[in-house]
Amino acid sequence: MAFSIQVENQTFQANRVFCIGRNYHKHVKELGNTIPDEPVVFMKPASCLVEPEKLLRHPPYGQNLQHEAEVVVLIGQRAEHIMEARARDCIAGLSLGLDLTLRDIQKNLKEKGLPWEKAKCFEQSAPLGNFTMLNDSINLDSISFECRVGPTLRQEGNTRHLIFPIPALIRFLSKHWILVPGDLIFTGTPEGVGPLLPGDEIILGSPQLGKFSWTMVG
Ligand code: ZN
């Protein structure tokens, strides 16, 4: 089933979900990875997306389901070989999302050099908030956001700390793929990733982008 995204009076059908790994220094360190010299890209199918306020079911496997709070970019126009100075024109809107990850499965797959789909692309692995249209008041390099689990603050981030900022990601992605309206970019997570348990309420918030929540069931 198609996933519709509303931005003001425009409707988009979610297309590809590009995810960027290792894009905040302190998160790279907390997982014991090395700083990449170009963006680390993987994709989730749009069928992984979940709108706000929904219940999230733990996948039927894995022992350590973790939240990764991220700023998400919605592409609004066809974009091929876009320079950073023009990247902003390609963006229809911004939101927050969760790149849910089965950390134990990911560790195992990484050690074996195998693809990450079982760790990253399970059902409901990409909860996604509602979108704010990109307007002049939003500075792409200064979006602050946080992730709470129940009352506990788990992650605090700001896009000023991105290793590859949003315009650089659009330049890089549009060099390798032809971006089209409905493509999404999960821009990477800051430090503080941690486990989710049944009953947990996960709340993503940003003064610029709004507040969205989901609840874990068994
Ligand atoms: Zn991530």
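The values are calculated or read from the model by the stated rules, or taken from the named source; none is laboratory data. Predicted model only: the values in this text are computed from it and were never measured. Here the Cβ positions follow ideal geometry from the backbone for every residue, glycine too, while neighbour counts run over all protein chains shown. The area values use the complete protein model at the heavy-atom level, side chains included, leaving out ligands, DNA and RNA. Shrake-Rupley method; radii C 1.70, N 1.55, O 1.52, S 1.80 Å.
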May I ask you to list the residues in segment 89-103 that are away from the ligand (no atom under 15 Å from the Cβ) and either in contact with a helix residue (DSSP H, G or I) (Cβ under 8 Å, 6 or more places away or on another chain) or assigned to a strand (DSSP E or B) (or both)?
CYS90, ILE91, ALA92, GLY93, LEU94
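Could you pull out the residue among ASP141, ASP136 that is modelled with pLDDT under 95, closer than 17 Å to LEU74 by Cα and open to solvent by 30 Å² or more (accessible area, probe 1.4 Å)? Give the derivation first.
Values: ASP141 fails: modelled with pLDDT under 95.
After applying the criteria, what remains is ASP136.
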Entirely in segment 1-86, the strands (runs of 3 or more DSSP E) that have 3 or more residues that are away from the ligand (no atom under 14 Å from the Cβ) and in contact (Cβ under 8 Å) with a residue 24 or more places away in the chain
4-7, 10-13, 55-57
Does any residue in segment 203-218 that is outside any strand (DSSP E or B) come within less than 6 Å, Cβ to Cβ, of a residue that is open to solvent by less than 20 Å² (accessible area, probe 1.4 Å) and of a type outside the set (S, T, N, Q) six or more places away or on a different chain, and which pairs are these?
GLN208/ILE138; GLN208/ILE143; LEU209/LEU94; LEU209/LEU96
With (1) out of contact with any helix residue (DSSP H, G or I) (no Cβ under 6 Å at 6 or more places or on another chain); (2) farther than 17 Å from ILE202 by Cβ; (3) surrounded by 15 or more Cβ atoms within 10 Å (Cβ to Cβ) as the list, and VAL50 as the residue in question, which single condition is left unmet?
(2)
